[in-house]
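Participant: Before we start, here is the structure in question, set down as structure tokens.
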Amino acid sequence: MANFYGQTRSNYFAVKDVEAFKEEMDKYSVELIESTDSEGNILYGFMDEDEDGGGDISYYYNDEEDEWQDVEWEDVFMRHLADDHVAIIMGSGAEKYRYISGWATAYNNKGETQDVTL
């Protein structure tokens, strides 16, 4: 039996309140990344911090509840994403080249999502 090795990251997007966004993202197993657009605005994104190569950012350990919980990305982006921006979380991976897979989900701050899978 082979292990699955994957990676997950997002595109860059603008947020309404940087400090509130950073505070919430501290709960999750992601590394924040930044970029600057052509107008000099700072955009944010993230990638997984999964040390074993699984690339899964769909759950996190909630210290207050002392249990693992699902990340509701739609709710996160509804709270934090700036108007007219779309956040896209993309993942891909393989199990010894036998099962190569990929997916992406796009979110806006209106609660709309769109999925693509390979």
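Participant: For the condition β-branched (Val, Ile, Thr), surrounded by 13 or more Cβ atoms within 10 Å (Cβ to Cβ) and in contact with a strand residue (DSSP E or B) (Cβ under 6 Å, 6 or more places away or on another chain), what is the one hit in 42, 88? Walk me through how you get there before you give the answer.
Facilitator: Details: 42 fails: surrounded by 13 or more Cβ atoms within 10 Å (Cβ to Cβ).
Every option except 88 fails the conditions.
Participant: Filter region 61-100 down to residues that are touching a Ser or Thr at 6+ places or on another chain (Cβ under 8 Å), within 30 Å of residue 37 (Cα to Cα) and assigned to a strand (DSSP E or B), then give me how many there are.
Facilitator: Applying the first criterion (touching a Ser or Thr at 6+ places or on another chain (Cβ under 8 Å)) to region 61-100 yields 70-71, 73-74, 87-94, 100.
Subset that is within 30 Å of residue 37 (Cα to Cα): 71, 73-74, 87-93.
Next, only the ones that are assigned to a strand (DSSP E or B) stay: 87-93.
The qualifying residues number 7.
Participant: Same structure, new question: Please go through region 1-18 and pick out each residue that is part of a loop (DSSP other than H, G, I, E, B) and either open to solvent by 20 Å² or more (accessible area, probe 1.4 Å) or over 30 Å from residue 96 (Cβ atoms) (or both).
Facilitator: Let us first name the residues in region 1-18 that are part of a loop (DSSP other than H, G, I, E, B), namely 1-4, 11-12, 14, 16-17.
Of everything in region 1-18, those that are part of a loop (DSSP other than H, G, I, E, B) and either open to solvent by 20 Å² or more (accessible area, probe 1.4 Å) or over 30 Å from residue 96 (Cβ atoms) (or both) turn out to be 1, 3, 4, 11, 12, 14, 16, 17.
Participant: Here's another thing I want to ask about it. Please determine, by comparing only the residues of region 53-85 that are in contact (Cβ under 8 Å) with a residue 40 or more places away in the chain and under 20 Å from residue 7 (Cα atoms), which one is most open to solvent (accessible area, probe 1.4 Å).
Facilitator: Within region 53-85, the match that is most open to solvent (accessible area, probe 1.4 Å) is 56.
Participant: Related question: Looking at 40, 54 in this structure, which one is modelled with pLDDT under 95 and over 22 Å from residue 108 (Cβ atoms)? Show your work before the answer.
Facilitator: Numbers: 40 fails: modelled with pLDDT under 95.
Going through 40, 54 in turn, just one is modelled with pLDDT under 95 and over 22 Å from residue 108 (Cβ atoms): 54.
Participant: So, residue 67, is that one more than 10 Å from the chain's Cα centre (by Cα), among the charged types (D, E, K, R) and either under 16 Å from residue 107 (Cα atoms) or at pLDDT below 90 (or both) or not?
Facilitator: Numbers: more than 10 Å from the chain's Cα centre (by Cα): yes; among the charged types (D, E, K, R): yes; either under 16 Å from residue 107 (Cα atoms) or at pLDDT below 90 (or both): no.
It is false that residue 67 is more than 10 Å from the chain's Cα centre (by Cα), among the charged types (D, E, K, R) and either under 16 Å from residue 107 (Cα atoms) or at pLDDT below 90 (or both).
The values are calculated or read from the model by the stated rules, or taken from the named source; none is laboratory data. Just so it is clear, the structure is predicted and the values come from calculations on it, not from any experiment. Cβ: placed from backbone, ideal geometry, glycine included. Neighbour counts: every protein chain shown. These accessible areas exclude ligands, DNA and RNA; they are computed on the full protein's heavy atoms, side chains included. Shrake-Rupley method; radii C 1.70, N 1.55, O 1.52, S 1.80 Å.
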